[in-house]
Amino acid sequence: MEKGIGVIPYYALASGFLTGKYRSEADLSKSPRGQGIKKYLDERGMRILNALDQVAEKLKSKPGRVALAWLIARPSITAPIASATTWNN
């Protein structure tokens, strides 16, 4: 934050991908946004979900919460926009 500029990521949860809602192409029909998620269903995306799952399990939390907490902890992030359609505790 050398210049005092913050960042507000609009798709902080990658349109729901980082919540773990979409883990296969079959899951893409779960919402109208599903087709936009297809680009994340690759090896890198699966590694990210696996890491989120592991941390969430260790903390007794959920992948989406872990993803948002990671963003909030970054000094350059002012506030992530979760843009969730539903909230499941």
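If you average the C-alpha positions of the stretch 66-85 and of the stretch 39-58 separately, how far apart do those two centres end up, in angstrom?
17 Å
Based on the Cα coordinates of the chain, what is the per residue volume of their convex hull in Å³? Spell out each step's value before the answer.
Details: hull volume 9.6 nm³, N = 89.
Convex hull of Cα atoms, per residue: 108 Å³.
Leaving out ligands and nucleic acids, note down the accessible area per residue over the chain with a 1.4 angstrom probe, in whole Å². Could the numbers behind the result be given before it?
Working: 6320 Å² over 89 residues.
In whole numbers, the chain has 71 Å² accessible per residue.
Quick one: how many Å² of Ile77 are accessible to a 1.4 Å probe, rounded to 10?
Here the accessible area works out near 30 Å².
Hey, if we sort Lys60, Lys21, Lys3, Lys30 by accessible area with the 1.4 Å probe, largest down, what's the order?
The most accessible residue leads, giving Lys60, Lys3, Lys30, Lys21.
Where in the chain are there chymotrypsin sites (Phe, Trp or Tyr not before Pro) that are in a DSSP coil and have at most 16 other Cβ atoms within 10 angstrom of their Cβ?
Values: sites: Tyr10, Tyr11, Phe17, Tyr22, Tyr40, Trp70, Trp87; in loops: Tyr10, Tyr11, Tyr22, Trp87.
Those satisfying the criteria are Tyr10, Tyr11, Trp87.
Could you list the GluC sites (Glu not before Pro) in the chain that lie in coil according to DSSP, counting only those with at most 13 other Cβ atoms within 10 Å of their Cβ? Present the calculation step by step, with values, prior to reporting the outcome.
Values: sites: Glu2, Glu25, Glu43, Glu57; in loops: Glu2.
Passing sites in the chain are Glu2.
If the chain between Leu28 and Lys3 were fully stretched, how many nm would it gain, using 0.36 nm times the residue separation less the Cα-Cα distance? Intermediate results must be reported in sequence, preceding the final value.
Details: separation 25, 0.36 × 25 = 9.00 nm, distance 3.99 nm.
Once the chain is fully extended between Leu28 and Lys3, it gains 5.0 nm.
Against the longest alpha carbon principal axis of the chain, how many degrees, from 0 to 90 and to the nearest 10, is the axis of helix 63-73 turned?
20 degrees
Rounded to the nearest 500, what is the chain's calculated 222 nm mean residue ellipticity when only DSSP H runs of at least 4 contribute -39500 (n - 2.57) each, over all residues? Mind showing how you got there, number by number?
On the way: 3 runs with 32 residues, N = 89.
So the calculated ellipticity at 222 nm is -11000 deg cm²/dmol.
How much length would be gained if the chain were fully extended between Leu59 and Gln35, taking 0.36 nm per residue of separation minus their Cα-Cα distance, in nm to one decimal?
Values: separation 24, 0.36 × 24 = 8.64 nm, distance 3.06 nm.
Length gained between Leu59 and Gln35: 5.6 nm.
Past the 23 Å Cα-Cα mark, which pairs from Lys3/Lys39; Lys39/Lys60; Lys21/Lys60; Lys21/Lys62? Don't skip to the answer; put the middle values down first.
Details: Lys3/Lys39 33 Å; Lys39/Lys60 29 Å; Lys21/Lys60 18 Å; Lys21/Lys62 11 Å.
As for pairs spanning more than 23 Å Cα to Cα, those are Lys3/Lys39; Lys39/Lys60.
Ignoring ligands, DNA and RNA, what percent of the 1.4 Å accessible area of the stretch 9-89 is carbon and sulfur? Don't skip to the answer; put the middle values down first.
On the way: 3060 of 5480 Å².
Here it works out to 56 percent.
The values are calculated or read from the model by the stated rules, or taken from the named source; none is laboratory data. In this text, all values refer to a predicted model and were calculated from it rather than measured experimentally. Because the Cβ atoms are built from the backbone with ideal geometry, glycine has one as well, and the counts that use them run over all protein chains shown. Each accessible area value is taken on the protein alone, full model and side chains, heavy atoms only, with ligands, DNA and RNA left out. Shrake-Rupley method; radii C 1.70, N 1.55, O 1.52, S 1.80 Å.
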